[in-house]
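What follows is a set of notes on a single structure, which appears directly below.
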Amino acid sequence: MFVLLVSLVLSACGGADEAPTVAPSPDVASGVDDDNDVEDLVSDAAEVAPTTSSTTTTSTTTSTSSTTTTTLPMTGAEANQALGRGINFGNSLEAPREGDWGAGLDEEYFRIIADAGFDHVRLPVSWAAYADTEAPYTIPDGVDPNITGQPYTNIWERVDWAIDQAEANDLMIIVNMHHYDEAHLDPLGHRDRIIGMWEQIAPRYADAGDHVVFELFNEPNEVFTDQPDLWNDLLMDLMTVVRETNPTRPVLIGPVGFNGIDFLDDMVLPDDDYLIATVHLYEPHNFTHQGATWVDPVPAVGVPWSPDGFGLPEGIYDRSWDSRVITEDGKIRIDFGRQWAGFSVDFLEGVDPAEIRFAASGDGSLRVGCRVPGSDELDEARLTTTATTQEFTVDLSNCPDEATGVSLMNSHPSSDPLFISDFVVCSSRGCEDIVTSADASLRRWVERASEWSADTGVPVHIGEFGAFSAEGRVPMADRAAWTRTVVDEANTQGLSFAYWEFHAGYAAYDLDADAWNDPLLDALLG
């Protein structure tokens, strides 16, 4: 995979001199000490392992002019740009066996995807379904007796074939480790097996083309989310394993919390120029997963999505009591059911509020303060509202660290309906609107990922996003509008993406009709 082109041009006055001997390229893997950290591995690789974008150096002597062209490996940022727009082969090789979940792979699918204008495919693979459960956790490379009724004898052959199909259609391909559910529940118990599988996967594809990208582990969650240090420690070990044989291959890594954008800051980043962070976006969850039977409880069906609809932003939740709260025309209408009823919002990650600002109309009296779960709301200000709209600013800098949100309590025995607009909570992470459009809320998720990328210098790939569509549960118009918002903001922020997925429950392509779902294709490609 490493290219070194040397051309010797003889000067006009020179004769047919013997060409100089060129030393063979060093073996990158053989010189790596197991104790070296990832930074050393990458540094060594950059010196001896050129691969893709071109740089030309010309040197001239008295009698000979030689031009040496060296191609350098793609950085993570360059690889992420090359990934561009992609689509997942969901429910295929991620199933215990291909076909178990009603989807498989076909040579024609790669051509269909490439012809439509996509740049890459993501290949989820359930390696753990094939690997031995005892060390050294061998993934059979021969006749696997557990594979029947397939045109291949082991999982390696199928992944090799998919990599070849991607290359034949000028597609990049992300090969990942998917659906190792036991590992999320017992990370320490399965740690060695995860490492053992990558000790086989990485060298297997060390000489694969530059179109192959690795993704170490899909959606770490459960115990990983509760104890992110377990994921960070495993991540460092996996990077060391991969870099021993693939010193400059782009590698995707994602945060805990199902690769959640809100958990990016919990991820400790290896010092590596060839990293891409991957996040998944399925917000609002009650829209994207409605009717999904693998979710407990199954989300209700019939949830619409309109870019112009108003509500609370994602990551902010209504914790009001004895109140009827409605968002309409960009405002919140609150009907307090009694004295000491309240309007209260919580933030997904907690919040350290400095102040809140809002405009209100409606005769009433309010107590405003911080919300601390399990205790009474703290009383920071007492306000009187009138039928005429007034603007209020409340200092909340005395809120304790354990505060999760803010509350407005009705302290009057009776109260008119209260109309609130321009409600903003300011904290150390900036100011956030409490009421926003559905479109703005969804775009904000993508912006968060982009802001993290700018802060860390690590490019971001949206590895999964989509709305469940089995049996037409979600109207195509809603799915397309939601998808268009994600794609539009990803393009604005310069993020690559891969839609979930090609031909199963979230299908962008209708196998029965042998055609793309045009509204979705238009949303994905523009």
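The values are calculated or read from the model by the stated rules, or taken from the named source; none is laboratory data. Computed from a prediction, not measured in an experiment: that's the story for all the values here. Note: ideal-geometry Cβ built from the backbone for every residue, glycine included; neighbour counts use all protein chains shown. Ligands, DNA and RNA are excluded from the accessible area calculation, which covers all protein heavy atoms including side chains. Shrake-Rupley method; radii C 1.70, N 1.55, O 1.52, S 1.80 Å.
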query: Which residues, counting only those in segment 235-267, are in a helix (DSSP H, G or I), within 19 Å of PRO203 (Cβ to Cβ) and β-branched (Val, Ile, Thr)?
result: THR240, VAL241, VAL242, THR245
query: Conditions: (1) at pLDDT below 95; (2) open to solvent by less than 30 Å² (accessible area, probe 1.4 Å). PRO145 meets all but one. Number of the miss?
result: (2)
message: The conditions are (1) out of contact with any helix residue (DSSP H, G or I) (no Cβ under 9 Å at 6 or more places or on another chain); (2) closer than 21 Å to ALA504 by Cα, and HIS120 fails exactly one of them. Which is it?
response: (1)
- prompt: Just for segment 485-526: of the residues that are part of a helix (DSSP H, G or I) and over 17 Å from the mean Cα position of the chain (by Cα), which one is surrounded by the most Cβ atoms within 10 Å (Cβ to Cβ)?
  reply: LEU520
Single residue of LEU275, LEU264, LEU252, LEU269 found to be crowded, with 22+ Cβ neighbours inside 10 Å and either over 25 Å from LEU185 (Cβ atoms) or of a type in the set (Val, Ile, Thr) (or both): LEU275
- prompt: surrounded by fewer than 20 Cβ atoms within 10 Å (Cβ to Cβ), at pLDDT 95 or above and in a loop (DSSP other than H, G, I, E, B) - does that describe any residue in segment 184-194?
  reply: yes
statement: Checked segment 362-410 for anything exposed (fewer than 15 other Cβ atoms within 10 Å of the Cβ) and of a type in the set (A, V, I, L, M, F, W, C); matches are ALA387
- request: Would you check which residues across segment 424-453 are under 16 Å from the mean Cα position of the chain (by Cα) and of a type outside the set (A, V, I, L, M, F, W, C) and list them?
  value: ARG443, ARG444, GLU447, ARG448, SER450, GLU451, SER453
query: Can you tell me which of ALA166, ALA114, ALA128, ALA95 is small (Gly, Ala, Ser), crowded, with 19+ Cβ neighbours inside 10 Å, more than 21 Å from ARG193 (Cα to Cα) and within 26 Å of the chain's Cα centre (by Cα)?
result: ALA166
task: Select from segment 454-470 the residues that are more than 12 Å from the chain's Cα centre (by Cα) and outside any loop (DSSP other than H, G, I, E, B) and write down the one among them that is surrounded by the most Cβ atoms within 10 Å (Cβ to Cβ).
output: THR456
message: Just the residues that are closer than 17 Å to ILE253 by Cα and touching a helix residue (DSSP H, G or I) at 6+ places or on another chain (Cβ under 6 Å), please, taken from segment 463-486.
response: PHE465
message: If I ask for residues that are open to solvent by 30 Å² or more (accessible area, probe 1.4 Å) and assigned to a helix (DSSP H, G or I), which ones from segment 195-227 would you list?
response: GLU199, GLN200, PRO203, ARG204, VAL223, THR225, ASP226
